[in-house]
Amino acid sequence: MRPRGGTTTVSSTATDATDVTDATDVTEASDPTDVTAEKAAPDAPDATDVSDGVDVSRRRWPRVLGALLAVALIATGGALYAEGRQLRDTPATANLALTDAEATTRVTGDVSSALGKIFSYGPGATAATRAAAKEVLAGKALQQYAALFGQVERQSADQKLTLTTEVVRAGVTRLTGSSAHLLVFLDQVYERRGRAPTTASAQLTVTAELREGRWWIVEIGST
């Protein structure tokens with residue numbers, strides 16, 4: 001027979017070993033260091049990812065600024081074009097008297113020559129003056145002249161009147177491709193038989209039209 005004390009010793013030893021093993025498992029499963037580490041280090045953005053984001057943002061700004069500058073330049077160019085277009089379309093720039101010296105000189109010369117012819121006559125030369133008027137006057141101007149020149153012919157014959165007209169200055173106030181408006185200053189010398197010559201000045205407004213390559217006076221007014 002084995003002594004009871006030996007059996008009891010073995011059982012006690014096995015029980016102690018089991019207790020030690022269980023204590024070790026509990027310690028490993030609930031390590032306070034691991035729990036603290038997990039709580040102290042939550043999910044944080046990677047430092048490398050943040051740096052990459054800053055670099056991308058820095059690279060994007062020049063492109064954004066370039067696009068804004070392009071839009072601003074386009075808008076400014078459009079505004080300047082519209083303003084220039086308005087300036088080109090103003091009545092002042094459409095007046096050829098301000099830009100076309102050759103055309104202005106031509107209409108001034110034609111009108112001045114015509115006025116000198118139709119307002120110059122003598123007692124025996126009124127027929128020539130009437131014929132000249134039909135070559136330089138048209139429309140309303142010709143009608144007015146024809147109505148008044150009959151009286152002039154009678155006075156010239158009765159009073160032996162001679163009239164000489166000279167254009168001393170003529171200015172084109174407005175000129176287009178087919179019409180012109182002029183302000184004309186005249187010196188006129190009246191001569192009657194047996195009397196001293198008389199000098200007078202006159203100022204006229206004239207409207208002329210370009211027909212078949214020639215300027216025709218279509219309206220005459222006094223100022």
Quiz item: About the Cα centre of region 138-223, what is the dipole size in debye to 20, counting +1 per Lys and Arg Cβ and -1 per Asp and Glu Cβ, all else neutral?
Solution: 140 debye
Practice problem: Any chance you could list P(r) for region 139-190, counting all Cα-Cα pairs in 5 angstrom bins from zero, rounded to whole %? | Solution: 4, 14, 14, 19, 23, 13, 7, 4, 1
Self-check item: R0 of 25 Å, Cβ-Cβ distance Thr164-Glu209: FRET efficiency to nearest 0.05
Solution: 0.35
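Report the extension gain between Thr223 and Ala146 in nm, rounded to one decimal, defined as 0.36 nm multiplied by the number of residues separating them, less their alpha carbon distance.
On the way: separation 77, 0.36 × 77 = 27.72 nm, distance 2.07 nm.
Value of the extension gain: 25.6 nm.
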Quiz item: Using the Karplus equation 6.51 cos²θ - 1.76 cosθ + 1.60 (θ = phi - 60°), what ³J(HN,Hα) coupling, rounded to whole Hz, does each residue of region 99-114 give in order, writing x for Gly and Pro?
Solution: 10, 10, 5, 5, 5, 5, 5, 5, 5, 5, x, 5, 5, 4, 5, 5
Quiz item: So what are region 129-223's ellipsoid semi-axes, whole angstrom, largest first, if each one is the square root of 5 times an eigenvalue of the alpha-carbon gyration tensor?
Solution: 27, 17, 10
Practice problem: Please work out the C-alpha center-to-center distance from region 97-146 to region 200-223 and express it in whole Å. | Solution: 7 Å
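Only the coordinates and a few stated rules stand behind these numbers; no lab work does. Computed from a predicted structure; not experimentally measured. So basically every Cβ, Gly included, is an ideal-geometry build from the backbone, and we count neighbours across all protein chains shown.
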